[in-house]
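K.L.:
Sharing a structure with you now.
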Amino acid sequence: MYGALILFDADFIHVVSITFTSVLLTELLMVALTIRTWHFVMIISELASLAIYIVALVVFKSFFDQAFLLTWNFVWKVFAITAVSCIPLVVLKCIRLKLRPPIYSKLR
């Protein structure tokens, strides 16, 4: 949140929109990365979480600037914050998988 305040617009409603969307996407990605065996219910729950957030963006007009949410400025800032949060963890997970593979892959 503090990084977004320093790096991005001083308009607080934009900062809230950017950071909250980034946090939500980061959490959904982290859940997706921890799942080894996907089930239909897991996919539905991930998509339902995203859909509920999108509905909340539409319903709570006083908390989010809807015109700003449709700009490329919003999209690239959310992407940048989400990438900075997720890419190091994905890299660490890949390194861990290489250094300590699961037992079933050693049996081949």
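Each reported figure results from applying straightforward, stated rules to the coordinates on display, with no laboratory input. Worth saying up front: this structure is predicted, and the values here are computed from it rather than measured. Every residue, glycine as well, gets a Cβ built from its backbone with ideal geometry; the counts of neighbours run over all protein chains shown.
K.L.:
In what sequence, highest mean first, do 33-40, 78-85, 14-21 appear when ranked by Cβ atoms within 10 angstrom?
P.N.:
With the highest mean Cβ count within 10 Å placed first, the list reads 14-21, 78-85, 33-40.
K.L.:
By counting other Cβ atoms within 10 Å of each Cβ, how are E46, E27 ranked from fewest to most?
P.N.:
So the ranking, lowest neighbour count to highest, is E27, E46.
K.L.:
Could you sort 100-106, 58-64 so that the peptide with the highest average Cβ count within 10 Å comes first and the rest follow in order?
P.N.:
Per-residue mean Cβ counts within 10 Å order the peptides as 58-64, 100-106.
K.L.:
Could you count how many Lys pairs in the chain have their Cα atoms under 28 Å apart, skipping same-chain pairs fewer than 8 positions apart? Don't skip to the answer; put the middle values down first.
P.N.:
Working: K61/K77; K77/K93; K93/K106; K98/K106.
Taking the Cα cut-off of 28 Å, the pair count is 4.
K.L.:
In addition: Could you calculate the contour length gain from I35 to K106, that is, 0.36 nm times the residue separation minus the distance between their Cα atoms, to one decimal place in nm?
P.N.:
23.5 nm
K.L.:
Still on this model: Could you tell me which of V59, I13, L24 has its Cα farthest along the dipole of the chain towards the positive end, charges placed at Cβ (Lys, Arg +1; Asp, Glu -1), taken about the Cα centre?
P.N.:
L24
K.L.:
Give me a comma-separated list of calculated 3J(HN,Hα) values for the stretch 19-32, in order, Karplus coefficients 6.51, -1.76, 1.60 applied at θ = phi - 60°, integers in Hz, x for any Gly or Pro.
P.N.:
Result, ordered by residue: 5, 5, 5, 5, 5, 4, 5, 4, 5, 5, 5, 5, 5, 5 Hz.
K.L.:
How tilted is helix 72-99 with respect to the longest principal axis of the chain? Cα atoms for both, answer in degrees (0 to 90, nearest 10).
P.N.:
20
K.L.:
Here's something else I'd like to know. What angle do you read, to the nearest 10 degrees and between 0 and 90, between the alpha-carbon axis of helix 40-59 and the longest principal axis of the chain?
P.N.:
For 40-59 against the chain, the angle is about 10 degrees.
K.L.:
Which value, in debye to the nearest 20, gives the size of the charge dipole of the chain about its Cα centre, when Lys and Arg are +1 and Asp and Glu are -1 at the Cβ? Spell out each step's value before the answer.
P.N.:
Numbers: 9 positive and 5 negative charges, 188 e Å.
Once rounded to the nearest 20, the dipole reads 900 debye.
K.L.:
Sticking with this one: Of the labelled options (i) 9.5; (ii) 8.2; (iii) 8.6, which one gives mean projected area of the Cα convex hull in nm² as computed for this structure?
P.N.:
(iii)
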